[in-house]
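Notes follow once the structure below has been shown.
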Amino acid sequence: MDVVSLTEELVAIPSHDDETAAGEFVAEWLRDHTDAAVSRDDHGNVVARTGTGEQSLALVGHHDVVPPDDRQVDDTGEYRLTRRAGRLYGRGTADMKGSLAAAMLAFADAEPTAGELVFASFAGEEQGGEGCRAAIEDGFSTDYAVVVEGSTGYSEPGVPASEAGGGSPERRSDGVTDVAVAHKGRRGSTVVAEGTAAHASEVDAGENAIYRATDAVDLIRGIEFPTTDVLGHELRGSVTVTEIEGGSAWNVVPERCEATVDERTVPGERAPLERVEALDGVSVRVDQDLPPMACGDAAFADAVLDAAAGAQEGDPEHVVKPHATDAGWLAAAGTDCVVVGAAEPGEAHTATESVSIAVLERCRTIYDGVVDSWLD
């Protein structure tokens, strides 16, 4: 089976509300096309293993998607999938059933002689890595992993390190597939300011929670963004207030105000948000903390870059990604990860999501090359 046909089969299976059918398809396909030991756990994760040896390498993806746009489903609720100008259009083509199909085919073709090859397709990646986290808690572990999220076109001019959206036709040119050796994480926090309510005509009788919250916001504005270096690449985080809500009526001194803080974290560093708790009546609640990733093995990163270079005419580079993937959870558990996949910046989660057919075929070749160089 070719990568386009397999991608089309995967994309045709809705998996934004319920990943069960997609996971069953992946597991059955692996059982039909490989001699590997295939399992599907209670969380919906699919894992296959072949070969033996002291070191292990995983090809890692996920089979869930975000909800489709109205234009991406037909009148019966089925996903639309179209081919046009060398690309596949539809929900999940870029994020990430196309690259998942390429990894499945590479796994099926592999004959590792110097270690164990693992294929993993996790559920719940779009819900904060729920499937990956559950698998790790249940004992999932590998020495190395290629996570097949998007890395194509990240070294192109005009694509800043902060690029996370806004895909455009001008950039859809089968760009070079790079190798991401690091990505940022995301910590979402809520600053809670509490005061004492009073009638607005008697200001001194209360404690204004909005004033306390704005004092906290001023403090956050002065925090220096954390930075770190990963294999010679600078990774710069950020922290910003994105929402604020408080008060109950026009004539009441507010007793509560909350501000949402979005922080893009880097390996080993966090913005010191706890400083705001030195203010009277102010506390911080962490609502989400998706970990960053940094590859700690330069030899592995170089081997994957060599495989990428051998699969295309362009000159791929080591790059960093601005947003979190399951590689963060794996790295936190001790796995050296890189990210290599077909999706370009700005394709994932869009109403016009698409992926290049040529790049899907290229990624399949890259994954073959990584397995051959690292486990043979």
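The values are calculated or read from the model by the stated rules, or taken from the named source; none is laboratory data. Predicted, not measured: the structure shown is a model, and the values here were computed from it. As a convention, Cβ positions derive from the backbone with ideal geometry for all residues, glycine included, and neighbour counts pool all protein chains shown. The accessibility values were calculated without ligands, DNA or RNA, using every heavy atom of the protein model including side chains. Shrake-Rupley method; radii C 1.70, N 1.55, O 1.52, S 1.80 Å.
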**Q.** Gaussian network model of the chain, Cα within-10 Å springs - most flexible of S39, S189, S201
**A.** S201
Q) With every protein chain present, what is the per residue accessible area of the stretch 32-166 (1.4 Å probe, Å²)? A) 41
Q.
Using alpha carbons only, how many angstrom separate the centre of the stretch 89-160 from the centre of the stretch 226-291?
A. 30
Q) Taking the Cα-to-Cβ direction at D70 and at D262 and moving 7 Å from each Cα, how far apart do the two end points lie in nm? A) 2.5
**Q.** ³J(HN,Hα), Karplus 6.51/-1.76/1.60, whole Hz, each residue of the stretch 320-327, x for Gly, Pro
**A.** 10, 9, x, 10, 7, 9, 5, 4
Q) So for the stretch 292-331, taking the charge dipole from beta-carbon charges (+1 Lys/Arg, -1 Asp/Glu), which of A309, A331, V319 sits furthest toward the positive end? A) A331
Q) Given Cα pairs under 8 Å that are at least 6 residues apart, what percent is the relative contact order of the chain? A) 25
(Q) Placing unit charges on C-beta atoms (Lys and Arg positive, Asp and Glu negative, everything else neutral), compute the dipole magnitude of the chain about its Cα centre in debye, rounded to 20. (A) 540
Q) Kirkwood-based Rg over Rh for the stretch 218-320 (C-alpha set), two decimals? A) 1.19
Q. Modelled label-to-label distance, R80 and M1, 7 Å Cα→beta-carbon offset: nm?
A. 2.5
Q) Under a point spin-label approximation (7 Å from Cα along Cα-to-Cβ), what is the D297-E28 distance to one decimal in nm? A) 3.5
Q: Go ahead and collect, in residue order, the members of the stretch 34-77 whose backbone nitrogen is under 14 Å from a label point 7 Å along the Cα-Cβ direction of E111.
A: 35, 51
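Can you give the FRET efficiency for A278 and L231, using 1/(1 + (r/R0)^6), R0 = 45 Å, r = Cβ-Cβ distance, to the nearest 0.05?
Values: r = 37 Å, r/R0 = 0.82.
Working from the Cβ atoms, E equals 0.75.
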Q. Could you work out the helix-only [θ] at 222 nm for the chain, with each DSSP H run of four or more residues adding -39,500 (n - 2.57) and the total divided by the number of residues, to the nearest 500 deg cm²/dmol?
A. -8000 deg cm²/dmol
**Q.** Of all accessible heavy-atom area on the stretch 1-129, the percent that carbon and sulfur account for (1.4 Å)
**A.** 42
Q: Compare D297, D75, D35 in a GNM of the chain, Cα atoms joined below 10 Å, and give the one with the largest fluctuation.
A: D75
Q. Given H placed 1.01 Å from N in the peptide plane, which residues other than close sequence neighbours of G296 have an amide H under 5 Å from its amide H?
A. C337
Q: Figure the gain on full extension for S141 and T196 (residue separation times 0.36 nm, minus the Cα-Cα span) and round it to one decimal in nm.
A: 14.8 nm
Q) Based only on Cα atoms, what Rg/Rh ratio does the chain have, Rh being taken as Kirkwood's radius? A) 1.04
Q) Computed on alpha carbon atoms, what radius of gyration and Dmax characterise the stretch 1-88, expressed in Å? A) 15.3, 52
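Return one whole number: the accessible area per residue of the stretch 221-301 in Å², for a 1.4 Å probe.
Numbers: 4510 Å² over 81 residues.
Each residue of the stretch 221-301 exposes 56 Å² on average to a 1.4 Å probe.
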Q. Hey, any idea what % of the stretch 180-314's accessible area is carbon plus sulfur with a 1.4 Å probe?
A. 44
Q: List every residue whose amide H lies under 5 Å from the amide H of H62, counting only residues 5 or more places away in sequence or on a different chain, with H placed 1.01 Å from N in the peptide plane.
A: F122
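Just add up the charged neighbours of R187: K/R +1, D/E -1, any other residue whose Cβ is under 13 Å from the Cβ of R187. Present the calculation step by step, with values, prior to reporting the outcome.
Working: positive: K184, R186, R264, R270, R285; negative: D262, E263, E269, E274, D287, D289.
Net of charged neighbours comes to -1.
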